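Enquirer: Structure in structure tokens, see below.
Each value in this text was obtained by applying a stated rule to the coordinates, not by laboratory testing. Here the structure is a predicted model, which means the values were calculated and not measured. Here Cβ is always computed from backbone atoms with ideal geometry, including for glycine, and neighbour counts include all displayed protein chains.
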């Protein structure tokens, strides 16, 4: 799921924030596993963060909440919980 983020070219203005989120706030390191949860409304931001995660050589699973049904979700989808 979420592989479509690979096909999205995010706006350049998201790059600095994505870099900061991945490298400063989360301090994602090489080989670490990251679960990225996004939605259709913010998928361009998600794509920017996804690219940054890959650039630090981390593994990344991507989930788009809209793929799991209408919102609001009352519980976290089991597929996402398993990945966490």
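Enquirer: Give the relative contact order (percent, whole number) for the chain; include only Cα pairs under 8 Å separated by 6+ residues. Mind showing how you got there, number by number?
Expert: Numbers: 103 pairs, mean separation 29.8, N = 84.
The value is 36 percent.
Enquirer: How many nm is it between the label spots at residue 40 and residue 59, if each spot is 7 Å from the Cα in line with the beta carbon?
Expert: About 3.1 nm separates the two model spin labels.
Enquirer: Suppose R0 equals 25 Å; then what is the FRET efficiency for residue 27 and residue 71 from their Cβ-Cβ distance, rounded to the nearest 0.05?
Expert: Numbers: r = 30 Å, r/R0 = 1.20.
For residue 27 and residue 71, the calculated efficiency is 0.25.
Enquirer: Between residue 20 and residue 4, what length in nm is gained on full extension when 0.36 nm per residue of separation is reduced by their alpha carbon distance? Mind showing how you got there, number by number?
Expert: Working: separation 16, 0.36 × 16 = 5.76 nm, distance 2.30 nm.
Taking residue 20 through residue 4 to full extension adds about 3.5 nm, to one decimal.
Enquirer: Could you work out [θ]222 nm for the chain from helices alone, using -39500 (n - 2.57) per DSSP H run of at least four and dividing by all its residues? Round to the nearest 500 deg cm²/dmol.
Expert: Numbers: 3 runs with 25 residues, N = 84.
That comes out to -8000 deg cm²/dmol.
Enquirer: Under a point spin-label approximation (7 Å from Cα along Cα-to-Cβ), what is the residue 80-residue 11 distance to one decimal in nm?
Expert: 2.4
Enquirer: Please sort 4-16, 33-45, 72-84 by packing, taking for each peptide the average over its residues of neighbouring beta carbons within 10 angstrom, highest first. Show your work: numbers first, answer last.
Expert: Working: 4-16: 12.4, 33-45: 15.2, 72-84: 10.6.
Packing order, densest peptide first, comes out as 33-45, 4-16, 72-84.
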